[in-house]
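Accompanying notes for the structure given below.
Where a number appears in this text, it was derived from the coordinates with a stated rule and is not lab data. The shown structure was predicted, so the numbers you read here are calculated from the model rather than taken from an experiment. Every residue, glycine as well, gets a Cβ built from its backbone with ideal geometry; the counts of neighbours run over all protein chains shown.
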Amino acid sequence: MKSLSANAYAKINLFLDVVAKRTDGYHDLESVMQSVTLCDTVSVTLGDNVGKCEIRQSMEGACLPCDETNLCYKAAKSYLEHFAIEQFDIDIKVKKRIPASAGLAGGSTDAAAVIRLLDALYEKNSTDELLCEIGLRVGSDVPFCMLGGTCEVRGRGEHVKRLPSLAPYHIVVAKSNDESVSTKLAFDRIDNTDCYARPCMDFYDYVKAVSSGDRQSITHGVYNIFSSVMGDELPAMRCLVERMKQYGAQCAIMSGSGPSVFGVFATRDAANAACEKLKRDSFACVCEFCTNA
Ligand code: C5P
């Protein structure tokens, strides 16, 4: 029996624009994604039962289905299929801390961790490029989650380019318990409207600001197309953004297709103070930007 564990980090979008609808039904994005220290812990065990073909899963801390729809299961399947591994006895355990359906890539980051852990357990030593390709079959955010840190992300999510690390940044991530969003529905809303706020900075200028660590432009230029398209349907999300700003955030905005919100604070103490107030009626935690691996 062989077993390995890893932390799987949540992602936020510092910049997220949708630039085109593709012929495959997906959308082309322009995004700067950042992994943060809020994380799940994923453990994968290869059992000794040769001749089996079984994937077992268990989740601690969340009511997510442990069936074939779970992204961890899909990730293991995608990996096994790629390497034509026909006999397997795999046990996946996830300790969930990242809120689900929140725009934080909780499922995608667990899936990326499963793929990396399987690659280590099967001693394949695959390239990041191949692992991202296997991950993309599971979900559009999986390639970014495979690399983590600070990245420019384009296309459906398959073009991921590392940018210099931004740490240390102190942030609060919060989510109302009363709202959740279907990613597909959020993209459908974009297809059916052209009435939304445009970014105050061009995407490539924003990437330049991130590359040079220009904190003022990074916080001033945060953008998420979904926040104006979905805003009217997510009053609790809007309220969290306003409260974060009121509690001293240098910027606060929704992450991904929502409804989670993150705010950037000048110091860890300022983040802690805001978090204590938000925690009274919502999920809230203080975390930092992760550095590149
Ligand atoms: O790739 P993933 O399964 O996470 O995407 C969920 C849904 O979000 C897709 O079925 C699609 O409707 C939408 N999506 C999209 N364009 C992307 C990513 C996701 O339209 N780049």
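Overview of values
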{"item": "Computed over the chain: relative contact order in percent, which uses C-alpha pairs under 8 Å that are six or more apart", "result": "23"}
{"item": "Exposure proxy order (Cβ contacts within 10 Å, fewest to most) of Phe187, Phe265, Phe226", "result": "Phe187, Phe265, Phe226"}
{"item": "Residues whose placed amide H lies under 5 Å from that of Cys251, excluding near-sequence neighbours", "result": "Val264"}
{"item": "Computed lengthening from Arg198 to Asp24, 0.36 nm per intervening residue step minus Cα-Cα distance", "result": "60.1 nm"}
{"item": "For region 256-293 versus region 135-163, the gap between their alpha-carbon centres in whole angstrom", "result": "23"}
{"item": "Summed side-chain charge close to Asn177 - residues other than Asn177 whose Cβ falls under 13 Å, Lys, Arg +1, Asp, Glu -1", "result": "0"}
{"item": "Cα pair count fraction exceeding 38 Å, expressed as % - the chain", "result": "11"}
{"item": "Residues Leu136, Leu16, Leu71, sorted so that the one with the fewest Cβ neighbours within 10 Å comes first", "result": "Leu136, Leu71, Leu16"}
{"item": "23 Å Cα-Cα threshold exceeded, pairs from Lys52/Lys93; Lys74/Lys96; Lys93/Lys279", "result": "Lys93/Lys279"}
{"item": "Unit charges on C-beta of K, R, D, E only; dipole of the chain, Debye", "result": "640"}
{"item": "Helix-only [θ]222 nm of the chain, DSSP H runs n ≥ 4, -39500 (n - 2.57) each, per residue, nearest 500", "result": "-9500 deg cm²/dmol"}
{"item": "Cα-centre dipole for region 175-256 with unit charges at Cβ (Lys and Arg positive, Asp and Glu negative), debye to 20", "result": "300"}
{"item": "3J(HN,Hα) from dihedral phi, region 93-98, Karplus parametrisation 6.51/-1.76/1.60, rounded to Hz, x for glycine, proline", "result": "10, 10, 9, 7, 10, 7"}
{"item": "Span from the region 34-71 Cα centroid across to the region 181-245 one, whole angstrom", "result": "31"}
{"item": "Positive dipole terminus of the chain, leading residue within Asn125, Val181, Cys290 (C-beta point charges)", "result": "Cys290"}
{"item": "Packing-based exposure ordering (other Cβ within 10 Å, fewest first) of Cys200, Cys195", "result": "Cys195, Cys200"}
{"item": "Sequence-distant residues sharing a close amide H with Arg56 (under 5 Å, placed H)", "result": "Ile90, Asp91, Ile92"}
{"item": "Backbone HN-Hα couplings from phi across region 146-159 [Karplus 6.51/-1.76/1.60, Hz, Gly and Pro as x]", "result": "5, 8, x, x, 10, 9, 8, 10, 9, x, 6, x, 8, 9"}
{"item": "5 angstrom amide H check on Leu29, placed H, neighbours 5+ away", "result": "Val19, Gly155, Arg156, Gly157"}
{"item": "Estimated FRET transfer efficiency (Ile85, Glu129; beta-carbon r; R0 25 Å; 0.05)", "result": "0.80"}
{"item": "³J(HN,Hα), Karplus 6.51/-1.76/1.60, whole Hz, each residue of region 102-119, x for Gly, Pro", "result": "10, x, 10, 6, x, x, 5, 6, 5, 4, 4, 5, 4, 5, 4, 5, 4, 5"}
{"item": "Lys/Arg +1, Asp/Glu -1 at C-beta; region 194-234 dipole; positive extreme among Gly231, His220, Val210", "result": "Val210"}
{"item": "Residues Ser182 and Lys277, FRET efficiency given R0 of 35 Å [Cβ-Cβ distance, rounded to 0.05]", "result": "0.75"}
